[in-house]
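The values are calculated or read from the model by the stated rules, or taken from the named source; none is laboratory data. Quantities reported herein were computed from a predicted structural model and do not represent experimental measurements. Because the Cβ atoms are built from the backbone with ideal geometry, glycine has one as well, and the counts that use them run over all protein chains shown.
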Amino acid sequence: MKPLRVAFGLSLAVLATLALGALHVSTPPDFFLLVVADMARGGAAVPAMLAGLPAGLLEDALTAPGRLLGLHAFSKILVGYLLATIGARTVVEKPVAVGSLLAGAVLVEAAALTFLVWVLTGDFLPPALWPLVARAATTGFLAGLLHAASRVPWKQRREARRRMRLT
Amino acid sequence: MAAPTLAERRPEIFLAVLLSLCFIALSLQVRRAGGRTVGESWLLTAVSPFVNVVTGVRSGLLEVGTWTTSRRALRVENGALADEVERLRAELLRLRDAEKDKGRLLELFGAQPSPPPGTVPARLIAIESSGPFHTALLDRGASDGLQLDGVVLARDGLLGRVIALGRQTARMQLLSDNTAAVGVLLTHAGRGGRAAVAKGDGIGGVSVEYVPTIEPVEPSDVLVSSGTDGLYPGGLAVGRVASVRRNKTLFWEIHVFAAADPHRESLVFVLPPVRKSDVTPGASVTERR
C-alpha cells in the first residue's frame, strides 16, 4: 500500500504546488517534503529515501525545468534518510515537534542544495533568508497541522455521533 | 516474518548508492566551459565515429555525383587540352628548328659578314645516290633566282653545284659524285699551296689526283678550292687529307675527309655561278666580288 500512498501524496503535492503557483504565492510550503516525512515516520529509512527520489525528481521537473534534474532528488533522499534516522532514535509525537522538525528539514535541504550547486557549477548561490524562513515556517506549520489531524480519532468520533443520533 | 534485506539493515549503503547515482546524473548535466554538458560530451564522443562515417559516405557520394555530372565536361576539356598540347608540341618543334636555323645563319654570316650579292638560302631536302652518282634536291628553283652552275655552300665548306633547275626546285651535284671535280690547293703548315684536282670517289668521299709522289703530303693537310676550274671560286674549304698512300703510279693515292657533310646539312647557300672572266686562281669568293 505504501507505493500507492506515495503516489497519491505526490499527486496531491504536484497539484498543490501548481495551484499555489497559479495563485502567485511567492513562498509555498514544500509539499513534497511532507510526503517524504510521512514515509520516514517510524524510522523507515529505505521507504523514505525511495519516496524522496520521485518526489525530488517531480519537484525538479516542476520548479526548474531544463536545469539540473536530480538536485531536489539528492536533497530529498538525504533529508528522508535524516528524518528516518531521527524518527528511529527519538519519539516525535507532538505536532509542534513535528512542525519544528520539518522546518529544520527545509533549512537542511536548502543548505544541501546550495552546497550541491556550488560543487557542481562553482556558483555559490545561498537562498534569500526571509523567503527561506517563510517556506520553513509554512512547511512546519502544515506538517504540524497534518500530524495533529492524523492523531484525531475520526472513526471513533463518527461512531459516537452516529450512536448519539440513534439513541 | 521475512528477514530484513541488506538495504533495511544498512540504509546508509542504500543512501550512498542513491546519492551517488543522483550526483553522477547531475554531473552529466553540468555545462562545461564550451557550453556542453559532460553527458553531451560523452554522447558526442561516442557517436562521433558514426557521424564521421556518415559524413564520409555523404561526401563520397557527393564527390561521385560531382564526378559523374562533370565527366562529360572533363572529357571535352581533356580533348581540347590534348589538341592544345599537340599544337604546342608542333609549335615547339618548329621553334626549335627555327632556333637551329638561326644559329646556323648567325654562324655563317658571322664567318662571311657580307655574302655575295645574289646568294640564295635553300634547304637541302633530299639526297639521292645512284651508283657512283650523288646528287641532292634543293627547295629553291629558277623562280627564286637560282642559276645553273650556282655554287652550293654549307656551313663547313663546299658541297657542290647546281646541275638542273626547276621552277621551285633545283638539283645539285655533290662533290662525292664520281663525275664531280674541283680544282684545289693542297696546303700544309710551313709550305705553300700545291695545285691539284679533287674528285668524287663515287662512294661518298673525295680523293685527290695528280699529286706526284715527290711532293710531300701528310694527313690533315687542308684542301681549299683554287678557283682555276671555272666552276668554283677560290678559297672555299673542300676538306682535309685523311690518308696518303703510295701506289704503283707516280702519284699519291690521297683520300680526303670532305669539309661539308650533306647528310648533316639542311640549310645551304647557293652562290651565283662563276663568270669565266672573273676566274682568278686562289682568289676567295668575297675578294672576287
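Got a sec? Which of A:Val6, A:Val25, A:Val46, A:Val79 is within 20 Å of A:Ala136 (Cβ to Cβ) and in contact with a helix residue (DSSP H, G or I) (Cβ under 7 Å, 6 or more places away or on another chain)? Selected residue: A:Val79, the only one of A:Val6, A:Val25, A:Val46, A:Val79 that is within 20 Å of A:Ala136 (Cβ to Cβ) and in contact with a helix residue (DSSP H, G or I) (Cβ under 7 Å, 6 or more places away or on another chain). Return a yes/no flag: does region B:214-223 have any residue that is surrounded by 14 or more Cβ atoms within 10 Å (Cβ to Cβ) and either part of a strand (DSSP E or B) or not assigned by TED's automatic domain parsing to the domain that holds B:Pro132 (or both). Yes, the conditions are met somewhere in region B:214-223. Restricted to region A:101-114, and to residues there that are more than 12 Å from the chain's Cα centre (by Cα) and either of a type in the set (Gly, Ala, Ser) or under 16 Å from A:Asp38 (Cβ atoms) (or both), the residue that is nearest to the other protein chains (Cβ to nearest Cβ) is A:Ala112. When B:Arg167 is tested against (1) at pLDDT 85 or above; (2) in a strand (DSSP E or B); (3) in contact with a Ser or Thr (Cβ under 6 Å, 6 or more places away or on another chain), just one condition goes unmet, and that condition is (2). The set of residues from region B:224-250 being in a strand (DSSP E or B) and surrounded by fewer than 17 Cβ atoms within 10 Å (Cβ to Cβ) comprises B:Arg240, B:Ala242, B:Ser243, B:Arg245, B:Arg246.
Residue-wise test of (1) more than 9 Å from chain B (Cβ to nearest Cβ); (2) surrounded by fewer than 20 Cβ atoms within 10 Å (Cβ to Cβ); (3) not small (Gly, Ala, Ser).
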| site | (1), (2), (3) |
| --- | --- |
| A:Pro29 | yes, no, yes |
| A:Met49 | no, no, yes |
| A:Glu59 | yes, no, yes |
| A:Gly70 | no, no, no |
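Scanning region A:1-26 for residues that are among the polar types (S, T, N, Q) and under 14 Å from the mean Cα position of the chain (by Cα), we see that the one that is nearest to A:Pro54 (Cα to Cα) is A:Ser11.
Of everything in region B:91-144 that is outside the structural domain of B:Val206 (by TED's automatic domain parsing) and basic (Lys, Arg), the residue that is modelled with the lowest pLDDT is B:Arg104. Restrict the check to region A:121-136 and report whether at least one residue is within 10 Å of chain B (Cβ to nearest Cβ) and of a type outside the set (Phe, Trp, Tyr). Yes, because at least one residue in region A:121-136 is within 10 Å of chain B (Cβ to nearest Cβ) and of a type outside the set (Phe, Trp, Tyr).
There is no residue in region B:145-155 that is in contact with a His (Cβ under 9 Å, 6 or more places away or on another chain) and surrounded by fewer than 22 Cβ atoms within 10 Å (Cβ to Cβ). With respect to being facing chain B (nearest Cβ under 10 Å) and either surrounded by fewer than 13 Cβ atoms within 10 Å (Cβ to Cβ) or touching a helix residue (DSSP H, G or I) at 6+ places or on another chain (Cβ under 7 Å) (or both), A:Gly87 falls outside the description. In the condition set (1) at pLDDT below 85; (2) closer than 30 Å to A:Ala73 by Cβ, B:Phe23 is compliant with all but (1).
Of the residues making up region B:175-198, one or more are on the phi < 0 side of the Ramachandran plot and in contact with a Pro (Cβ under 6 Å, 6 or more places away or on another chain). When the residues of region A:34-47 are filtered to those that are more than 10 Å from chain B (Cβ to nearest Cβ) and among the small types (Gly, Ala, Ser), the one that is farthest from B:Leu15 (Cα to Cα) is A:Gly42.
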